[in-house]
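No lab work stands behind these numbers, since they all come straight from the coordinates. No experiment lies behind these values; they were computed from the predicted model shown. Here Cβ is always computed from backbone atoms with ideal geometry, including for glycine, and neighbour counts include all displayed protein chains.
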Amino acid sequence: MIDVQERKPKHAFKLTRVGVIGIKKLVSVERGGKTTILAPIIDAFVDLPSTKKGSHMSRNLEAINEIIDNSVRKPVKGIENLCACIAKNLLDKHTYANYAEVGMKSDYFMERKLPSGNKTMENYEIIGKAAVKRNKEVKKSVGVKVVGMAACPCAAETVRSILKSKKSGITHNQRNITSLMIEVPEKYDVEAHDLIKIVESSFSSPTYETLKRNDEARIVINAHKNPKFVEDIVREVLSKVLEKYKKLPGDVLVTVRSESEESIHKHNAFAERVTTLGELRE
């Protein structure tokens with residue numbers, strides 16, 4: 001049978017990433033002493049040399065299935081560890097490749113406490129990634145995306161001035177979506193629970209799926225007592241990351257992105273910092 005992928009391409013350019021996206025699988029993850037079944041969406045890539053017309057993409061599915069099947073039978077610490085295993089498996093199967101990358105995203109539920117003290121299960125997005133160059137150490141990334149609330153400090157000050165009242169906490173609210181990613185060498189582990197707590201505690205207030213009136217009122221009051229720009233949220237996250245991960249090496253990469261969906265404008269506000277722990281420590 002003719003192997004079309006092995007033919008020379010018409011235009012001999014190397015491609016950075018070639019692979020499959022949107023693969024859905026079940027994964028068993030053990031976090032905090034509790035086993036959870038996740039249904040992540042998986043993307044898997046390798047680079048493609050200029051001498052090959054195409055990549056053997058069925059090998060990507062084989063690499064994923066071999067690792068995922070084992071993870072269902074025996075829980076793993078995190079999806080980022082699965083990504084690392086699959087990335088190394090990809091290089092074993094694609095002998096022509098020098099680079100492999102795998103990413104996973106999944107909904108994840110955690111128990112949270114409302115201002116009233118009642119408990120609720122809240123939804124977050126957890127992210128795992130891994131990248132490896134042949135004969136090099138794997139770099140894996142752990143990340144979360146969290147939805148919260150921001151109250152605008154600028155409007156709050158203006159309202160106080162107009163009303164001539166220092167006690168006024170009136171301002172406009174914003175839904176804020178903040179993501180935090182930390183890239184570490186394979187031997188280190190970062191707990192997604194901790195990242196969720198860092199981000200959620202950096203908002204003007206957390207938000208919740210189901211609320212009764214008293215909880216609604218307390219959340220609004222608390223947020224307006226703690227107004228924050230989108231810039232403030234990013235800096236708060238960075239400060240807490242620095243405090244939490246004192247023992248991680250300085251070359252650990254940290255990415256924080258935050259978007260506040262404006263309520264009185266037709267545009268949104270955005271802030272980001274991509275840095276290393278070493279830079280933050282300086």
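Suppose R0 equals 25 Å; then what is the FRET efficiency for Ala155 and Ser239 from their Cβ-Cβ distance, rounded to the nearest 0.05? Rounded to the nearest 0.05, the efficiency is 0.55. The modelled label-to-label distance for the pair Ile221/Ser58, using points 7 Å beyond Cα in the direction of Cβ, is 6.5 nm. Taking 14 Å as the cut-off, the amide N atoms of segment 178-198 that come nearer than this to a point 7 Å along the Cα-to-beta-carbon line of Asp251 belong to 183-188.
Summarising the strand pairing of the chain, around 100 percent of its internal DSSP beta bridges are antiparallel.
Computed over segment 137-282, the P(r) tail beyond 17 angstrom holds 63 percent of alpha carbon pairs. The magnitude of the dipole of segment 1-103, with charges of +1 and -1 set on the Cβ of Lys/Arg and Asp/Glu and taken from the Cα centre, is near 140 debye. Here the dipole of the chain is about 80 debye; that uses its Cα centre as origin and unit charges on the Cβ of Lys and Arg (positive) and Asp and Glu (negative).
The spacing between segment 125-186 and segment 202-241, judged by their C-alpha centroids, is 10 Å. Computed extension gain for Arg175 through Asn214, at 0.36 nm per residue and net of the alpha carbon distance, reaches 12.0 nm. Estimated from helical segments only, the mean residue ellipticity of the chain at 222 nm is -9000 deg cm²/dmol, where each DSSP H run of four or more residues counts as -39500 (n - 2.57).
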